[in-house]
Amino acid sequence: MVLPVLPVRTRGILPILLKWMLMPLELDIRKKPMDVKVRVSSGEGVDVVWSDAHASHYDFAYLRDQCPCAHCNDERQKKSSKSGPAPASLLPMYKPKVTARNATPVGNYAIQIEFSDGHASGIFSFGVLREICPCPACRQEFGAIVVSAGT
Ligand SMILES: [Zn+2]
Ligand SMILES: [Zn+2]
């Protein structure tokens, strides 16, 4: 792409434009879904293809762990502040595998999932979903997400 040579007067808006382009949330195409499949009946989980062509797959059990509602955020913080030495593994130990009973779109920005353990207050916005994409590339890009909150 060739940048047009701008008259001096217009150049002032460039930093603003740049700032706007770098703004997260809705303007971030990485967080805009092109295709969303929620496989409740088969229990397979959620598949999202993003506007940047990246595809994410989420287990319902994983989503349950990452539930963004205030209650679960609280629980996670308690857990992470209480836990002593790092656990040897992050495998689920005692919980039966959580699936979903139901999933409903919320506007066009989120999905609300009712999990098999009865918990249904988690509303997963697509921004959150992209940030918790479990693939190594996204983990690196978006950092170690919600669980590590504690600053
Ligand atoms: Zn929750
Ligand atoms: Zn990813």
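Quick note: the coordinates plus some simple rules give every number you see, no bench work behind them. In this text, all values refer to a predicted model and were calculated from it rather than measured experimentally. Using ideal geometry, Cβ is built from the backbone for each residue, glycine included, and neighbour counts are taken over all protein chains shown.
Under the simplified labelling scheme, the Asp74-Val49 pair shows an inter-label distance of 4.1 nm, with each label point 7 Å from Cα along Cα→Cβ. Taking 0.36 nm per residue of separation and subtracting the current Cα-Cα distance, fully stretching the chain between Asn102 and Gln140 would add 10.6 nm. Computed extension length for Glu114-His57: 18.7 nm, one decimal, from 0.36 nm per residue of separation with the Cα-Cα distance subtracted.
Exposure proxy shown here: for Ile113, Ile123, Ile132, the number of other Cβ atoms within 10 Å sets the order, fewest to most, as Ile123, Ile132, Ile113.
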